[in-house]
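For reference, the structure discussed in these notes is given below.
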Amino acid sequence: MKVTENKIYNPEAECMDRAALRELQDRRLVETVNRVYNNVPLYRERMQAAGVKPEDIKGVDDLHLLPFTNKTDLRDEFPFGLLAAPKSEIVRIQGSSGTTGKPIVAGYTRNDVDVWTEMVARSLTAAGAGKDDIIQVTYGYGLFTGGLGAHQGASQVGAMVIPMSSGNTQRQLMMMHDLGATMLCCTPSYAIYLGESLKELGYDPKEFRLKSGCFGAEPWTEEMRKKLEGLFDINAYNIYGLTEIGGPGVAFECCAKNGMHINEDHVIAEIVDPETGEPLPYGESGELVFTTITKTGMPMIRYRTHDICVLDDSPCPCGRTHLRMGRITGRTDDMLIIRGVNVFPGQIESVLLRIPGVAPHYQLIVDRVNSTDRLEVQVELTDEMFSDTVADVEKLQHTITEQIKSVVGIAAKVKLVPPKAIPRSEGKSKRIIDNRDLTK
Ligand code: DLL
């Protein structure tokens, strides 16, 4: 494996003395709290209900006094209710799956896009990127933050960007080979698929110039890292982020490959007990909560990510002083990530409820076949539909498949099952059967 040099994009910020960093966070938090209190009714009302005034927040030590925000707030305030800046200041909309059929959207000002770009530039630099690199971006371009985020960061470090977007494995490999890409940015599962397809398509891995990859947008494991590094003879780095906070680059791995540095001059991270919401000490596993302290378009205060991980404040040999987060080991809600796309059972349900002929009973079965996630949606037919002609049933199956594709954004296999075939439960119905083994 090629050795990655320990390069730091912005040493002044990334290696800042922790006491100075704390002062910076205190100041930026106070600014942010005032901004949202004065401009966003939801924050003002929540703070008033909790009996907290902006002047009560003097710094990070007071963070716990502030109420949480959640994905449902973005849904309820859709599309612009959480903006803290006039719409005329918003230069970009990015989005991701909501808990129902509608996506949630986040508005970014010019400042927010610049902050995000800097965070990705830091991430790519930590993975070895510089102006001599050729970076193939295979994350999807669009509302999803992966493609544009990686693209902006790659441009910022002065690299040559190949904006492939997702899909078309043969073409991806051809470009990677012919243009001599040195870095790959995509989901880890797709990277494995590309690596496995390489030999099948008659390429010799030695003909590739790839030396590293920045992989994220879905959970992965150390086993997957080993596999990826072997397939391409590269260094594989983890990169984390979410649309609401600032897309990819919120946290990223350095050459120590031992947790992802959180860009703490832009966000404050906490771990809380998912049940009680009480903050937990570093080292304990719990729900990750972020507060943005430099965003101006849609700042987020104590945003509950539903991602489970641990925070680590031990010194890192790379010299960066920012806290590290461990791999995401689970979710506190029912969100699934399938081929990098966030999927909520509620989205599928909203599709099914609109289609006559199906009963509101369904199950989602997720498998991983040859490193690729597969989703099967089993849907119960109504009694009337069950006695219909085969042609009608096939038409229905086609309609459901198309609508899931258009609402959720992924291809699912739809299997229609007879009435009462899906097991009923006395309590919460079991909607998801996830057969993927994320330890491999
Ligand atoms: O997935 C942003 C991103 C793009 C990150 C490209 C990294 C690379 P969303 O679509 O809003 O944003 O989904 C955010 O994806 O809350 C996690 O559950 C999951 N996730 C993102 N990165 C990782 C990772 C992008 N490295 C949600 N490991 C988050 C595990 C991840 N899960």
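The values are calculated or read from the model by the stated rules, or taken from the named source; none is laboratory data. Predicted, not measured: the structure shown is a model, and the values here were computed from it. No Cβ is skipped: glycine too gets one built from the backbone with ideal geometry, and neighbour counts run over all protein chains shown. For accessibility, only protein heavy atoms count, side chains too; no ligands or nucleic acids. Shrake-Rupley method; radii C 1.70, N 1.55, O 1.52, S 1.80 Å.
What accessible area per residue comes out for the chain, rounded to a whole number of Å², with a 1.4 Å probe?
43
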Of all accessible heavy-atom area on region 336-434, the percent that carbon and sulfur account for (1.4 Å) = 54
Mean ellipticity per residue at 222 nm, deg cm²/dmol - from DSSP H runs of n ≥ 4 across the chain, formula -39500 (n - 2.57) = -9500 deg cm²/dmol
Choose one answer from GLY147, GLY259, GLY283: the residue with the largest mean-square fluctuation in a GNM of the chain with alpha-carbon springs under 10 Å.
-> GLY283
Taking the Cα centre of region 336-434 as origin, work out the dipole magnitude from +1 charges on Lys and Arg Cβ and -1 charges on Asp and Glu Cβ, in debye rounded to 20.
-> 360
When a/c is below 1.5 the answer is rounded, else prolate if a/b is larger than b/c, else oblate, so apply that to region 177-314 with a ≥ b ≥ c taken from the square roots of the Cα gyration tensor eigenvalues.
-> prolate
Proximal charge balance of VAL341 [Cβ under 10 Å; K/R count +1, D/E count -1] = -1
According to the Kirkwood expression over distinct Cα-Cα pairs, how big is the hydrodynamic radius of region 258-369, in Å?
-> 16.5
Under 9 Å, Cβ to Cβ, from TYR108 - net charge with Lys/Arg +1 and Asp/Glu -1 | +2
Largest-first ordering by accessible area, 1.4 Å probe, given options LYS227, LYS199, LYS71 | LYS199, LYS227, LYS71
Inter-part gap, Cα centre of region 207-285 to Cα centre of region 326-363, in whole angstrom, is 24
Environment charge of ARG327, counting only residues whose C-beta is closer than 12 Å and scoring Lys/Arg +1, Asp/Glu -1 | -3
With every protein chain in place, region 154-285: carbon and sulfur % of accessible area (1.4 Å) = 49
Bridge orientation stat for the chain from DSSP, antiparallel percent rounded to 5, came to 65
Share of Cα-Cα pairs in region 317-408 beyond 16 Å, in percent?
-> 64
Hey, got a sec? Which trypsin sites (Lys or Arg not before Pro) in region 31-70 land in a DSSP loop and have at most 13 other Cβ atoms within 10 Å?
-> LYS58
What percent do you get for the relative contact order of the chain when only Cα pairs under 8 Å and 6+ apart count?
-> 16
FRET efficiency (THR399, ILE432; Cβ distance; R0 25 Å; to 0.05) is 0.65
Can you list the HN-Hα couplings for region 301-313, worked out from phi with the Karplus curve (6.51, -1.76, 1.60; θ = phi - 60°), rounded to whole Hz and with x for Gly and Pro?
-> 9, 6, 7, 7, 7, 6, 8, 9, 6, 10, 9, 10, 9
Relative contact order of region 336-434: what whole-number percent is it, with Cα pairs under 8 angstrom and at least 6 residues apart?
-> 33
Whole-Hz couplings from phi, Karplus 6.51/-1.76/1.60, listed for region 76-84; x for Gly and Pro | 5, 9, 4, x, 10, x, 9, 5, 9
Pairs to check: LYS395/LYS420; LYS102/LYS413; LYS7/LYS87. Give those whose C-alpha atoms are more than 29 Å from each other in this structure.
-> LYS7/LYS87
Of the residues PHE80, THR329, GLY195, the Cα lying farthest along the dipole of the chain towards its positive end, which is defined by charges on the beta carbon of Lys, Arg, Asp and Glu, belongs to GLY195
For 293-301, 318-326, 80-88, ranked highest to lowest by mean beta-carbon neighbours within 10 Å, the order is 293-301, 318-326, 80-88
Sequence-separation-based contact order of region 130-216, relative, with Cα cut under 8 Å and 6+ spacing, percent | 33
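Take the alpha-carbon positions of the chain, form their convex hull, and give its projected area averaged over all directions (one quarter of the hull surface) in nm².
22.4
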Go ahead and collect, in residue order, the members of region 110-143 whose backbone nitrogen is under 19 Å from a label point 7 Å along the Cα-Cβ direction of THR372.
-> 138-141
